[in-house]
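In what follows, a structure is listed as structure tokens, so that the remarks can point back to it.
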Amino acid sequence: MTFPNHQIIFNAKTFSNDKKTFFEKLDKSKKGEIDAKIIPLLNLLNQKKEHYTTSSCSGRVYLWKGTGKKNETEWLKVSHDFINKDFFSISSLAAAEKGLVWLRLEPLIAHVACKDLDSANKLLAVVRKLYKKSCLLSLSSKIIVEIRGSEFLEMPLYQDGKLLFSAEIDLVQLVNKKLTLIFNGLQKLTASLENF
């Protein structure tokens with residue numbers, strides 16, 4: 001689906017200034033730094049005059065507790081890389097002694113500000129070949145394309161320190177298999193955008 005360019009008109013100079021101003025801001029993410037695996041993709045997008053990235057994650061797995069709302073969630077452990085069985089060790093989760101602890105795996109995500117609808121449509125045409133869930137996220141003050149993978153996992157893992165998962169499935173292997181798909185997809189996307 002494409003969007004006609006005449007609906008929204010942004011000034012090229014304003015976009016360039018917004019891009020410069022955005023990169024002067026401090027990183028406000030929970031991690032506090034950019035994931036190493038996604039840097040090549042961000043560099044490709046950010047060197048283009050008609051795009052810049054506003055947020056990103058190469059994919060991650062974490063244990064959390066709370067309500068699920070952003071300001072009411074405590075991350076107990078997080079990894080942006082492959083895990084081993086120690087990741088699920090309850091002995092290292094002091095905060096997990098009481099309450100429900102969840103396991104969550106999230107896919108690659110990147111938000112890209114675009115100069116105009118034409119540049120957004122061109123980016124989406126490339127991205128959707130690999131990431132069908134990618135979309136035009138915003139048309140208000142900025143035109144934002146969301147690049148989003150589809151690999152996802154969420155389940156309750158501990159209740160008051162007791163493991164809830166008892167299936168004969170290697171959970172570490174399952175998580176790492178999904179992370180492999182995420183990281184391989186990231187490499188494919190980066191390669192497909194090299195001549196974009």
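Taken across the range 20-42, residues that are β-branched (V, I, T), modelled with pLDDT under 75 and more than 25 Å from L181 (Cα to Cα) do not occur at all. Among the residues of the range 155-164, those identified as surrounded by fewer than 18 Cβ atoms within 10 Å (Cβ to Cβ) and touching a residue at least 12 places away in the same chain (Cβ under 8 Å) are M155, P156, Q159, D160, G161, L163. Looking at this structure, is S91 within 23 Å of Q187 (Cβ to Cβ) and not acidic (D, E)? The answer is no for S91. The residue of the range 64-110 that is nearest to the chain's Cα centre (by Cα), among those that are surrounded by 15 or more Cβ atoms within 10 Å (Cβ to Cβ), assigned to a loop (DSSP other than H, G, I, E, B) and modelled with pLDDT of 85 or more, is L108. Against the list (1) over 30 Å from T14 (Cα atoms); (2) buried (at least 20 other Cβ atoms within 10 Å of the Cβ); (3) within 17 Å of the chain's Cα centre (by Cα), the condition V127 fails is (1).
No other residue among T190, T180 is under 21 Å from T54 (Cβ atoms) and assigned to a helix (DSSP H, G or I) apart from T190.
Would it be correct to say that I147 is touching an Asp or Glu at 6+ places or on another chain (Cβ under 6 Å) and surrounded by 12 or more Cβ atoms within 10 Å (Cβ to Cβ)?
Judged against the criteria, I147 is not a match.
Within the range 121-166, the set of residues being in a helix (DSSP H, G or I) and either small (G, A, S) or more than 26 Å from V61 (Cβ to Cβ) (or both) comprises N121, K122, L123, L124, A125, V126.
The values are calculated or read from the model by the stated rules, or taken from the named source; none is laboratory data. All of these numbers come straight from a predicted model, not from anything done at the bench. Please note: Cβ atoms are built from the backbone with ideal geometry, for glycine as well, and neighbour counts cover all protein chains shown.
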